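Written out below as structure tokens is the structure these notes cover.
Read-outs: derived from the displayed coordinates by stated rules, not from any lab. Only a predicted model underlies this, so the values are computations on that prediction, with no experimental measurement involved. We place every Cβ from the backbone using ideal geometry, glycine too, and count neighbours over all the protein chains shown.
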Amino acid sequence: MKLYSKENACRPFEAMSKTGRFVHSYIITGEKGTGKKTFARYIAMQLLCDNHNACGECRQCSRILRGQHPDFIEVDREGRVNYSVDVIREKVVADSCISPNDCDRKVYLLSDCEGWSDACQNAMLKVTEDPPEAAYFIFTAVNRNSFLSTLISRSMTIELHEADISSCREALSDMGKYSEEEIDRAVSLFGGNIGRCRDFLEGSGELTAAAEAVTKAMDAIVARDEYALAHILGSVSSKREEMRYALEMLARSVRDGAVIRNGGKGGAGCTAAASNRLAERFSTARILAMYDAVCEASYRCTRNCNAQGAAAVLAGKLCR
């Protein structure tokens with residue numbers, strides 16, 4: 001199994017694999033697209049692999065990669081909302097006491113735990129504090145704030161980051177589906193976030209809309225057109241996730257302007273022409289103030305802020 005820019009995250013598992021002694025509960029955090037579910041499968045392979053090294057080729061690893069392993073249980077949500085207490089109690093807590101089907105261990109994956117209830121987590125506390133010998137649990141979420149401190153204390157936490165640019169390009173190239181020009185475009189928009197690059201290349205409507213909004217937003221910033229910028233940012237504010245995508249891309253484009261202004265070469269942002277115009281028109285201090293404002297707005301989008309209000313405030317800060 002090939003992982004990209006995950007060497008540091010893998011090292012503890014390689015060490016545990018050599019001793020055969022693993023932690024029973026894991027929390028994987030990281031932005032959407034950074035490979036949390038892929039890394040969860042890597043952990044499962046370390047635990048179930050016939051060769052004890054997540055080889056990716058043995059019968060156990062092959063079944064995990066195909067999503068067909070009876071001892072790697074990806075717990076279903078209740079509809080599209082979240083996990084229910086009944087599902088946790090029946091399909092995880094009670095089931096974990098039953099012997100594995102085909103291996104000496106069994107692994108449960110609860111992915112995308114953002115917003116799951118305290119009741120669900122409390123149902124997990126006993127089984128993670130004193131787990132059955134054969135049972136292992138993996139949880140994924142964007143950040144640690146999704147989990148109770150008591151569950152965190154019983155788990156090993158792994159924070160994943162986006163890949164470096166060269167590794168991201170390699171990953172997209174290895175998929176064998178995209179041209180170099182397509183990969184260049186995706187990386188210019190989403191940096192080393194492999195998942196978002198892939199989704200964009202596969203035609204994600206939300207990501208495409210965010211990319212178009214950023215290109216227009218950069219033109220409005222250069223023109224100091226506050227009304228146009230507020231309208232552009234407002235067009236993506238109805239969906240908080242889409243707005244976060246747009247603000248992250250906007251931050252990279254503004255940052256490029258600062259780099260160019262100081263004699264460097266941009267390339268992280270999605271609109272090189274606008275970044276160059278930004279560098280020509282504004283001082284380094286002003287561009288950095290813009291960058292800070294965009295980053296602050298992006299952070300606020302991870303909290304319960306009024307997205308449309310945040311868009312209007314940001315437009316004022318960028319065009320004053």
re the stretch 204-320: pairs of Cα atoms spaced beyond 23 Å account for a percent value of 19 percent
Flagged as over-length at 31 Å C-alpha distance, from Lys91/Lys177; Lys6/Lys216; Lys32/Lys216; Lys265/Lys317; Lys126/Lys239; Lys239/Lys265, the pairs are Lys91/Lys177; Lys6/Lys216; Lys126/Lys239; Lys239/Lys265
Under the Karplus relation with 6.51, -1.76 and 1.60 and θ = phi - 60°, whole-Hz ³J(HN,Hα) for the stretch 41-55, x at Gly and Pro, equal 5, 4, 4, 4, 5, 4, 7, 10, 4, 4, 9, 6, 8, 6, 5
Ranked on Cβ counts within 10 Å of their own Cβ, fewest leading, Thr140, Thr215 go Thr215, Thr140
Taking Cα atoms only, Rg over Rh for the stretch 7-159 with Rh from the Kirkwood formula is 0.93
Residue span His161 to His231: 0.36 nm per residue of separation minus Cα-Cα distance leaves a gain in nm of 22.0 nm
For His52, His69, ascending order of other Cβ atoms within 10 Å (fewest first) is His52, His69
The simple spin-label model distance between Arg77 and Ala223, using points 7 Å out along Cα→Cβ, in nm, is 3.9 nm
Two pseudo-spin positions, 7 Å from Cα along C-beta at Cys305 and at Asn122, lie apart in nanometres by 3.3 nm
Here, the chain modelled as identical Cα point scatterers in vacuum has Debye log10 I(q)/I(0) at q = 0.09, 0.11, 0.14 Å⁻¹ of -0.55, -0.78, -1.08
